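**Q** One structure coming up, written as structure tokens, with questions to follow.
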Amino acid sequence: MRIGELAERAGTSTRTLRYYESRGLLPARRAGNGYRTYDEGDLRLIQQIRTLQDFGFDLEETRPFVECLRAGHPAGDSCPASLDVYRGKLAELDELIGRLGSIRAQVGAHLAQAEAARNEAEQARPTGPEPLCELTIHQLREGEDT
């Protein structure tokens with residue numbers, strides 16, 4: 001198949017395919033007329049790259065998977081280098097989850113403090129309408145102008 005058909009079937013652009021080719025991830029085979037030619041294996045390669053990128057792998061991290069596919073492994077992720085990349089990505093995700101958990105705990109603590117302060121202020125003030133914030137006052141004044 002030619003580059004346009006491959007791009008369409010893979011759900012990507014010809015520009016992206018040329019970029020993959022320039023990075024050595026997609027083979028650059030040419031027909032006698034000079035057109036790039038591709039086969040089903042190339043489609044599988046592009047699908048593997050796109051799936052990994054959807055999972056958050058950068059383009060260079062897909063290289064071991066591409067090489068594994070080229071070596072004849074049907075899934076592209078059973079080679080030692082591919083497994084190492086998976087392990088590295090999981091470690092990276094675990095670290096990120098840990099940081100996000102810590103940030104979430106801090107935001108939760110701030111929310112609890114803010115809610116407690118608001119409740120305390122509500123109990124301390126005399127009953128009546130809630131004070132307006134500056135944004136609400138500004139909106140009311142704009143409404144008076146119209």
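**Q** Which shape class, rounded, prolate or oblate, goes with the chain when its Cα gyration tensor gives a ≥ b ≥ c as root eigenvalues, a/c under 1.5 marks rounded, and past that a/b bigger than b/c marks prolate?
**A** Working: a/c = 6.16, a/b = 2.27, b/c = 2.71.
Oblate, because a/c is 1.5 or more while a/b does not exceed b/c.
**Q** For the chain, which span is the longest to avoid every loop-located (per DSSP) member of chymotrypsin sites (Phe, Trp or Tyr not before Pro) having at most 13 other Cβ atoms inside 10 Å?
**A** 56-146
**Q** Near residue 92, within a Cβ-to-Cβ distance under 15 Å, what is the net charge of the other residues, with Lys and Arg +1 and Asp and Glu -1?
**A** Within the 15 Å Cβ shell, the charges total -3.
**Q** Additional query: What is the magnitude of the charge dipole of the chain about its Cα centre, with +1 placed on the Cβ of each Lys and Arg, -1 on the Cβ of each Asp and Glu, and no other charges, expressed in debye to the nearest 20? Walk me through the numbers before you get to the answer.
**A** Numbers: 19 positive and 24 negative charges, 206 e Å.
Dipole of the chain, to the nearest 20 debye: 980 debye.
**Q** Show 62, 12, 51 ordered by accessible area, largest first, where the area counts protein heavy atoms only and the probe is 1.4 Å.
**A** 51, 12, 62
The values are calculated or read from the model by the stated rules, or taken from the named source; none is laboratory data. Since we're looking at a predicted model, the values are computed, not measured. Reconstructed Cβ throughout: ideal geometry from the backbone, glycine too, with neighbour counts over all protein chains shown. These area figures cover heavy atoms from the full protein model, side chains too; ligands, DNA and RNA do not enter into them. Shrake-Rupley method; radii C 1.70, N 1.55, O 1.52, S 1.80 Å.
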